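Report on the structure given below.
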Amino acid sequence: MSSIKCRNLCKTFHQGQETITGLDQVSLEIASGEFVCLSGPSGSGKTTLLNAMGGLDTPDSGEILLGEERIDLLAKGALADLRLHRIGFVFQAYNLIPVLTARENIEFVMQIQGLHAAERHQRARAILEEVGLEGIEDRRPAQLSGGQQQRVAVARAIVSQPSLVLADEPTANLDSHAATHLMQLFLDLNLQHGVTFVIATHDEGVMAYARRLIRMRDGCIVSDESRQAGSAAS
Amino acid sequence: MLPLAAIIKLAWRNLWRNYRRTLIMLSAIVVGVWAMIFMNAVMRGMVDDMIRSAIRVLPGHAQIHHPLYRDDPSIVNSMTGLSPELENALAQPGIVGWSARLRVPAVIASERESRGLVLLGIDPATEAALGFVPGPIVEGRSLEGVDDRGLVLGAKLVERLETGLGKRVVVMSQDPQNNVVERGFRVVGIFEAELQAQEEQSAYVGRATLQSMLGVGQSLSELAVLGTDYRDLSPWFAGLQAAVGSDVELLSWTELDPYMASMLRVQDGMILIFVGVIFAVLSFGLVNTIAMAVFERMREFGLMQALGMRPITILYQVLMESFLLLALGLVIGNLLAVLTIRPLESGIDLSGVADGLEMFGMGTTLYPSLRIVDMVATSALVIVLGLLASLLPAWRASRFDPIEALGKT
Amino acid sequence: MSNNWRLAWRNLWRNRRRTWLTVGAMVFSNVLLVFLISLQLGSYDMMIESTLRAFTGHLQVQHRGYHEKPKMRRSIPAALDKAQALREELGLESLAARASAFALASSDERSLGIQIVGIEPDYEPLVSSLPGLVGEGRWFSGVDAEEIILGKVLARNLKLGLGDEITFIGSGRDGSFAAGIARVVGILDSGMTGLDRSLAQIPIGYFDDVFTMAGHGHTIVFELESLDQVADYQQRIEQFLSTDSELVVLDWDTLQPGLRQAIRADMTSAWFVYAILIVLVAFSVLNTQLMSVLERTREFGIMLALGIRPRRLGSLVVQETALMSLLGLSIGVGIGWMLAYYLSVAGFTYPGMEEMGEKFNLPAYIYPEVSLLSMLWGPSMVFLGAMLAAIYPALRLLHLQPVTAMRAV
């Protein structure tokens, strides 16, 4: 259903006269339901890989399969549909639409998907409870703390029932307390809903939660280790 | 695709994110829209007034004469009567009424002075019913029938002749045999007209009286016809035209007064230009405002696309924001216009420039004419033009690469 | 201090699109204002000149009370001599005496009551444009010639052609019976039906003979080179005539009050349009500058923390606005000037002008007036409006607190 296979992905960027290698023959396989961390310094290619897996960007060469589908061949419109129905994103910051309340943000993707109001409200209510945000769902992002905002973001990512949740440095703007809570939430959701999580980060504390840790450098995968079920590292 | 309600909600809330900017732009739109409608109403009122005045002076929406009468307005070129076809045609539903008159050049002499003028033998009932009277009677009475033997003069003429109510004057004119005929008349009524020229150059007597004075039986100089709407003669004009033989000539007011006809055309053009100009100045601000709003939200647009929203929905969002801004401005602007124009509809007093206005054929009071059609047309134009102007920033916003957009802080 | 100007200039270009759009609004308005104002002034001049040149002239000498009540006996004694004396005294050739009377004019077939004007054949062409419009025939042969020139419509109404004889009967100055026979030597086509219908001129010597004027006349008409000279000449004429308490000098405004009023009415509506334009541009500037200030709150906070005085910051905004407005002004005036200059040579017309021209004896083309006033008045007002709009954003800066400012997004 939601396995990811990447084969020989290459991506280069051009900045003026310079050529920057984003991905250099990257291949990997992630099974459905895994909880993976991509780590590496900035410029290692983890964001590029994440964008490719999420259908936000197309690699220059190579294949990406989501389930059995070749997503590197999809046109822009089809990619948008892909993102809409099968991918959930959590970014480092500015995850939410400022003029919508927390609940409206959560319902946003479902609205684009075309779900009926009743269903939307029901699912939103459920997820709000699950991530522990009942009572503040009518606040706008500006009135929420950083941690709360990220929780809303992941609630939105999960509620549209994607195959895959991709998070790019989700804890970078949070204090350690909030970061811990967020990572625990990710883990709980992963176990509860069986959705694959791929998280890009350079924070050691976050990496400790990973059941599988893939390190990258200069556009290549340098190591790929599996561990036991993550636990909170102090 | 986002449902419409969601797009509206997003657009509305986004408008008020920067309430200062929105309020300033809104105020500008309100002022612009108000000015458009105000100017429109004033101009329409002005031209309406001018044309109604002209029609009252001609008089009529159409006139029927002897074919040679216009070139040579002498008693010789008169119509001897109405054919049955013409009488039928004059009874058409679109025609409000008609009035037959005898109209000859004459000389009027009091004890002291003489003046040349146009003498009109009328049927006071039909003339009054159609509103062809030049103005109210300020002294004495109006004519009472076609056989009335009295004379009604304009106040200015009475002054020039140094005569007065109840006094006798002598009226001289030419009969069809070229003889000068004269008759004494008593001044029974004095009228005032909005246009001074009318006061000085016309005098009224009973039609039968004039006919007998000139010995012309039932001859008529002209038939003035009034329809329901000066803007549209088509319901009845063709019917009249068919009934008019080759022995009489039928002309519409636009042919009789080409200047006024052109006024009507020019006015529509001028309003359009005025609206266009105002809108052009507004559009600079509008595009600026929309572009600023869009630019500030690039990251958000990137986020939405990352979440799976199609780029065209961004276009719709931006256009909707522009639409709501314009619509709000239009509502307030229209409301303001109605509130300010309504009290003025009883007339704006322009007596300070009365003589000048007379040169243009206008009365001294200006009645702005606020028509729903104008308001709707102006509003529709503003919305359409406004959306067109916002199209470019909206389109550019939708073309932005989501990854680049996400990268902007 | 020049540092500040350079900084202000650079700040403008940090957001090029916004600056250009705001300047664009100013340029558009300025071009429009220059165009409209120059056209307006040019058309007024033209209207006045062409109306005055037709018949009224810039000044007239008349008997006291003649203007209000033109009676035969309110005359100027020894009018021709007086006219000649004025010519020598003022060093001005373009003045002429006239006399006027009512008469019943008859041809073989028609009679009409008309005003006959006696004119000086040698000098009338210098004060009036009408002699130049004699389309058929010729001008008078001498001051005593028993000749008459008629307006085209009048000739037609009387069924007269060149060479025909016309009889006229009236009252002389002393009340005696006046009669004359004149030959039609010229037919005048002014293009204005009103004038062509009433114009009848004979040489003043012949007039004097027929109407027993004994050397008296009714007006002396003066035609000057431009309106600016009116006040000066009026004073000199009054001085010359100071010994004669029965004569007054009237300026064109008194003689044709409608003219100035018509212009005033037109100007009022024009000012309304200009005011709207200026207000809209001011809104645009307000929005732009306010946004520009708000965006730089943090930056300004840092500058305050570094010790720069709030007043300096406020004046920075004012300077930015000034530079932007100067840009808008110079480009606007530049383009506007080119447009106005081109039209001042080629002439400007719009649909409807031709009909208007016929009615009011105006040429079908208007030539805009290119003067310092017409070029700069509108744009200066825009500049002023823009500077006023900058006050609010500048004032906001004066209350800025460094710490809160630096914390702004």
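The values are calculated or read from the model by the stated rules, or taken from the named source; none is laboratory data. Here the structure is a predicted model, which is why all the values come from computation and not from measurement. Counting neighbours? That spans all protein chains shown, and the Cβs are built from the backbone with ideal geometry, glycine included.
Summary table
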quantity	calculated
Residue match in segment C:286-293 (condition: surrounded by fewer than 17 Cβ atoms within 10 Å (Cβ to Cβ), at pLDDT below 90, in a helix (DSSP H, G or I) and in the same structural domain as residue C:32 (by TED's automatic domain parsing))	no
Residue within segment B:227-235 that is farther than 13 Å from residue B:75 by Cβ and in contact with a Lys or Arg (Cβ under 8 Å, 6 or more places away or on another chain) present	yes
Options C:185, C:248: the member that is surrounded by 19 or more Cβ atoms within 10 Å (Cβ to Cβ) and in contact with an Asp or Glu (Cβ under 9 Å, 6 or more places away or on another chain)	C:185
Residue ID - farthest from the chain's Cα centre (by Cα), chosen from residues in segment C:157-205 that are farther than 19 Å from residue C:138 by Cβ and of a type in the set (D, E, K, R)	C:174
Residue, surrounded by the fewest Cβ atoms within 10 Å (Cβ to Cβ), within segment C:126-142, restricted to residues that are in contact with a Phe, Trp or Tyr (Cβ under 8 Å, 6 or more places away or on another chain) and not polar (S, T, N, Q)	C:131
Scope segment A:7-59; condition in contact with a His (Cβ under 7 Å, 6 or more places away or on another chain) and either within 13 Å of residue A:199 (Cα to Cα) or free of Cβ contacts under 8 Å to residues at least 40 places away in the same chain (or both); matching residues	A:39, A:40
Subset of segment B:302-331 [more than 49 Å from the chain's Cα centre (by Cα), surrounded by fewer than 23 Cβ atoms within 10 Å (Cβ to Cβ) and assigned to a helix (DSSP H, G or I)]	B:303
Residues of segment A:171-182 satisfying the condition of being touching a helix residue (DSSP H, G or I) at 6+ places or on another chain (Cβ under 6 Å) and either part of a strand (DSSP E or B) or crowded, with 20+ Cβ neighbours inside 10 Å (or both)	A:171, A:174, A:182
Verdict on residue C:202 being in contact with a Lys or Arg (Cβ under 9 Å, 6 or more places away or on another chain) and among the aliphatic types (A, V, I, L, M)	no
Test: residue in segment B:114-136 that is modelled with pLDDT under 85 and acidic (Asp, Glu)	no
Residue selected from segment A:70-91 under the condition touching a residue at least 12 places away in the same chain (Cβ under 8 Å) and more than 10 Å from chain B (Cβ to nearest Cβ), by the criterion nearest to residue A:20 (Cα to Cα)	A:72
Hits in segment B:117-160 (condition: touching a helix residue (DSSP H, G or I) at 6+ places or on another chain (Cβ under 8 Å), charged (D, E, K, R) and farther than 25 Å from residue C:70 by Cα)	B:123, B:144, B:147, B:148, B:149
Some residue of segment C:294-315 being within 11 Å of another protein chain (Cβ to nearest Cβ) and either over 19 Å from residue B:282 (Cα atoms) or surrounded by 17 or more Cβ atoms within 10 Å (Cβ to Cβ) (or both)	yes
Positions within segment C:80-105 being farther than 30 Å from residue B:179 by Cβ and in contact with a Ser or Thr (Cβ under 6 Å, 6 or more places away or on another chain), in sequence order	C:98
Count - residues of segment A:110-131 that are part of a helix (DSSP H, G or I), without any contact (Cβ under 8 Å) to a residue 12 or more places away in the chain and facing chain B (nearest Cβ under 10 Å)	2
Test for residue A:134: is it surrounded by fewer than 21 Cβ atoms within 10 Å (Cβ to Cβ), modelled with pLDDT under 90 and either at negative phi or assigned to a loop (DSSP other than H, G, I, E, B) (or both)	yes
Leading residue by the ranking (nearest to the other protein chains (Cβ to nearest Cβ)) among those in segment C:101-125 that are within 19 Å of residue C:223 (Cα to Cα) and surrounded by 21 or more Cβ atoms within 10 Å (Cβ to Cβ)	C:117
Within segment B:12-26, considering residues that are away from chain A (no Cβ under 14 Å) and surrounded by 17 or more Cβ atoms within 10 Å (Cβ to Cβ), the one farthest from residue B:278 (Cα to Cα)	B:21
Test: residue in segment C:273-280 that is more than 21 Å from residue C:62 (Cβ to Cβ), within 8 Å of chain B (Cβ to nearest Cβ) and in contact with a Ser or Thr (Cβ under 7 Å, 6 or more places away or on another chain)	yes
All helices (runs of 4 or more DSSP H) inside segment B:110-204 with 2 or more residues being assigned by TED's automatic domain parsing to the domain that holds residue B:217, surrounded by fewer than 15 Cβ atoms within 10 Å (Cβ to Cβ) and without any contact (Cβ under 8 Å) to a residue 40 or more places away in the chain	B:124-130
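Conditions (1) among the charged types (D, E, K, R); (2) at pLDDT 90 or above; (3) closer than 30 Å to residue A:95 by Cβ, marked per residue:
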| position | (1), (2), (3) |
| --- | --- |
| B:303 | no, yes, yes |
| B:333 | no, yes, no |
| B:337 | no, yes, no |
| B:370 | no, no, no |
